[in-house]
Amino acid sequence: MTTPVCTSASNAATWATPTRAYPAAYPSFSSYVRARRPVLLRTARSLTANQSDAEDLLQAALTKTYVAWERIEDHRALDGYVRRALLNTRTSQWRKRKVDEFACDEIPEPEPRPGGDPAEQQALHDAMWRAIMKLPDRQRAMVVLRYYEDLSEVQTAAVLGVSVGTVKSAVSRALGKLREDPELDLVR
C-alpha cells in the first residue's frame with residue numbers, strides 16, 4: 001500500500017514553499033525538509049546539469065522518503081537516506097534515457113557537401129583575399145562594399161561619397177585586375 005503524496009493540484013503548488021513543504025501527515029518530515037532542504041538541494045545540484053533538474057531530483061527523492069517515513073528507524077541518519085535516494089533516483093533516470101544509436105551492418109557514408117572540397121574552397125578564399133589586398137585602397141573598398149557587403153552601386157557611392165559612375169568604372173577596373181591576377185589563375 002502506498003501513501004498518497006499529493007492530494008490535489010492546488011496543494012502541489014504550495015508544497016514547494018519553504019513554510020509548507022509537504023502535507024502535515026508527518027510533522028517531523030515537514031520540519032526536516034524545511035531545515036535540510038538547502039543542503040540537500042546542493043547535493044542534488046552536484047548530481048545534475050542545472051538547477052531545475054536538481055529541484056526535480058530532490059522532489060522525487062523527498063517523495064520516496066515521505067512514502068518510507070514510517071519505515072525509517074533511525075531518524076538521525078535521514079540525510080544519508082535522502083542522499084542515497086537522490087543517487088538511486090539519478091541513476092535510474094540516467095539508465096532510462098533514450099539511446100539514439102543502433103548497431104548496423106554497414107557504416108553509412110556521409111553525404112557529400114555541395115560546392116566541392118572545403119580545402120579547395122578555403123584555398124580559393126585565401127587567394128581571392130590576397131588578390132583583393134593588392135588592389136588600390138579605393139578600388140578595394142568599392143569591391144568589398146559591392147561584393148562582400150552586398151551593397152548596390154548607389155549605396156556604395158553614398159558610403160564613399162562619390163558618384164555612381166565612379167563606382168561603376170572603379171569596380172570594372174578592379175574586376176579586370178582580379179581576372180588578370182596570376183594567383184587566381186592557379187585556383188580556377
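The values are calculated or read from the model by the stated rules, or taken from the named source; none is laboratory data. Nothing here was measured: the structure is a model prediction, and the numbers come from that model. Positions of Cβ are generated from backbone atoms using ideal geometry, with glycine treated the same way; all protein chains shown enter the neighbour counts. Side chains included, ligands, DNA and RNA excluded: accessible areas come from the protein's heavy atoms. Shrake-Rupley method; radii C 1.70, N 1.55, O 1.52, S 1.80 Å.
Quick notes on this structure:
- Filter pass, residue 171 being part of a helix (DSSP H, G or I), hydrophobic (A, V, I, L, M, F, W, C), exposed (fewer than 12 other Cβ atoms within 10 Å of the Cβ) and at pLDDT 85 or above: no
- For segment 71-108, the tally of residues that are modelled with pLDDT of 85 or more and surrounded by 10 or more Cβ atoms within 10 Å (Cβ to Cβ) stands at 17.
- Of all residues making up segment 139-188, the number that are closer than 16 Å to residue 124 by Cα and of a type in the set (Lys, Arg): 2
- Pairing residues of segment 43-63 that are charged (D, E, K, R) with residues that are part of a helix (DSSP H, G or I) and surrounded by 21 or more Cβ atoms within 10 Å (Cβ to Cβ), at Cβ distances under 9 Å and at least 6 apart in sequence or on separate chains, gives 45/54; 45/57; 45/58; 53/44; 55/44; 56/44.
- One residue from 49, 54, 123 being surrounded by 15 or more Cβ atoms within 10 Å (Cβ to Cβ), hydrophobic (A, V, I, L, M, F, W, C) and at pLDDT 80 or above: 54
- Picking from residues in segment 28-46 that are among the small types (Gly, Ala, Ser) and open to solvent by 50 Å² or more (accessible area, probe 1.4 Å), the one that is farthest from the chain's Cα centre (by Cα) is 28.
- On inspection, residue 150 does not qualify as farther than 21 Å from residue 178 by Cα and either open to solvent by 90 Å² or more (accessible area, probe 1.4 Å) or among the aromatic types (Phe, Trp, Tyr) (or both).
- Sole exception among (1) closer than 30 Å to residue 148 by Cα; (2) of a type outside the set (Phe, Trp, Tyr); (3) under 31 Å from the mean Cα position of the chain (by Cα); (4) in a helix (DSSP H, G or I) for residue 60, by number: (1)
- Lone qualifier among 161, 116 - being at positive phi and surrounded by 10 or more Cβ atoms within 10 Å (Cβ to Cβ): 116
- Near pairs, Cβ below 7 angstrom, 6+ apart or cross-chain, from segment 64-85 (over 15 Å from residue 30 (Cα atoms)) to any residue that is open to solvent by less than 50 Å² (accessible area, probe 1.4 Å) and of a type in the set (Val, Ile, Thr): 81/65; 81/72; 83/43; 85/65
- Hits in segment 63-91 (condition: closer than 12 Å to residue 36 by Cβ and small (Gly, Ala, Ser)): 80
- When the criteria are applied in full, residue 131 meets the requirement of being in contact with a helix residue (DSSP H, G or I) (Cβ under 6 Å, 6 or more places away or on another chain), touching a residue at least 12 places away in the same chain (Cβ under 8 Å) and either farther than 30 Å from residue 54 by Cα or not in a helix (DSSP H, G or I) (or both).
- Any hit, segment 137-145, residues being without any contact (Cβ under 8 Å) to a residue 24 or more places away in the chain, open to solvent by 50 Å² or more (accessible area, probe 1.4 Å) and outside any helix (DSSP H, G or I): no
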